[in-house]
Structures are given as structure tokens and as C-alpha cells.
1. Using the Cα atoms of segment 41-81, I'd like the radius of gyration and the largest Cα-Cα distance, Dmax, both in angstrom.
2. Can you compute the modelled spin-label distance between Leu5 and Asn107, with each label point 7 Å from Cα toward Cβ, in nm?
3. Compute, for Arg20, the solvent-accessible surface of its heavy atoms (probe 1.4 Å) with the complete set of protein chains present, and express it in square angstrom to the nearest 10.
4. Can you tell me the accessible area per residue over the chain, all protein chains present, probe 1.4 angstrom, in square angstrom?
5. Under unit Cβ charges (Lys, Arg +1; Asp, Glu -1), what dipole magnitude, rounded to 20 debye, does the chain have relative to its Cα centre?
6. Take the chain, connect every pair of alpha-carbon atoms lying under 10 Å apart with a spring to form a Gaussian network, then pick out the residue of Asp12, Asp127, Asp86 with the largest mean-square fluctuation.
7. Determine the shape class of segment 63-141: with a ≥ b ≥ c the square roots of the Cα gyration tensor eigenvalues, call it rounded for a/c under 1.5, and otherwise prolate if a/b is greater than b/c, oblate otherwise.
8. Would you kindly find the accessible area of Met123, with a 1.4 Å probe and non-protein molecules such as ligands, DNA and RNA excluded, rounding to the nearest 10 Å²?
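The values are calculated or read from the model by the stated rules, or taken from the named source; none is laboratory data. Not measured: the values here are computed from a predicted model. Don't worry about glycine lacking a Cβ; one is built from the backbone with ideal geometry, like all the others, and counts go over all protein chains shown. These area figures cover heavy atoms from the full protein model, side chains too; ligands, DNA and RNA do not enter into them. Shrake-Rupley method; radii C 1.70, N 1.55, O 1.52, S 1.80 Å.
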Amino acid sequence: HLGRLRTWVGADASPRAERRFMTIEQVGEAARAPGITIGGHTHHHPVLATLPFHAQVAEIAAGRRALETWTGRAPSVFAYPFGTVDQYRPESRSAVAAAGFEYGFANMNASPGGAHRFEIPRMIVRDWDDATFVRKLERRA
């Protein structure tokens, strides 16, 4: 249906350059670059809170295996899909551990100090100019 709609309105089906996903080769290249960490994020990007524990582990582990294949190394960090605490459950932290990760990150307005190792606060980064990015970082310090 979307293809017919695009044709009807004359829209290009290819994504804008700034919205394209990385290729597998680009992910592998980034993983080898100094200062970059490639972490897990599940295989199909589900809302973990909707899945039973065993399905969470399977989904998280499948994503980890894919990244290991693409990069040549198993990721040690994980970021919860959608990231907010209502999108995963307390047992999701155990699912992340069971899948072999060492740390997990969630979107929270909190300081990293004293955080649970599978619920470390992370910050969503948008397409901000430098000054805005610095201001956002300073507010979290």
C-alpha cells in the first residue's frame, strides 16, 4: 500500500541521507575505531515489557550474536529498546545479564552515580548543534 501511495504522490522511496541506517560493514568499521563502543539493542526492537522472560532473553541474545558476527567481538553493553522504564520490566535486567551483557542503559533523568549496573542512565542525543549538546550534558552532570 505504501508503494502505491508513494507512486501516486511522486515521492522517492529511498530514505534521506541523514536517516539511513549503517551497513553491516560500517558497523564493523565503527567497532574497530578508537573511542567507539557498539552495544546491543535486541534483534527486532520489541517492547521488552510485552514479552515473557524467556522471550526477552532470546531476543536480547539474538541481537548480541548478530553484533558479534558483524564486528568480530561480543558486545558488553546493552541499551533497552525505547529506553524508558515503562518499556521494560524489572526482570528485563536479569534477561540482559542472562544474555551475556555486563551493563545495561536506560533513558532516565538520573545521575549515573549509584545506578544499578543494568540500569545506567543514558541520554537521548538528537541532531543538536554543539552548544545545545554541551548544555544538555552540563544539565546531567
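1. Looking at segment 41-81, its Cα Rg and Dmax stand at 10.1, 31 Å.
2. Roughly 2.3 nm, to one decimal.
3. Spelled out: Arg20, probe radius 1.4 Å, area about 140 Å².
4. With all protein chains present, the chain gives 68 Å² per residue.
5. 140 debye
6. Comparing Asp12, Asp127, Asp86 in a Gaussian network model of the chain, the most mobile one is Asp12.
7. In terms of gyration-tensor shape, oblate.
8. 50 Å²
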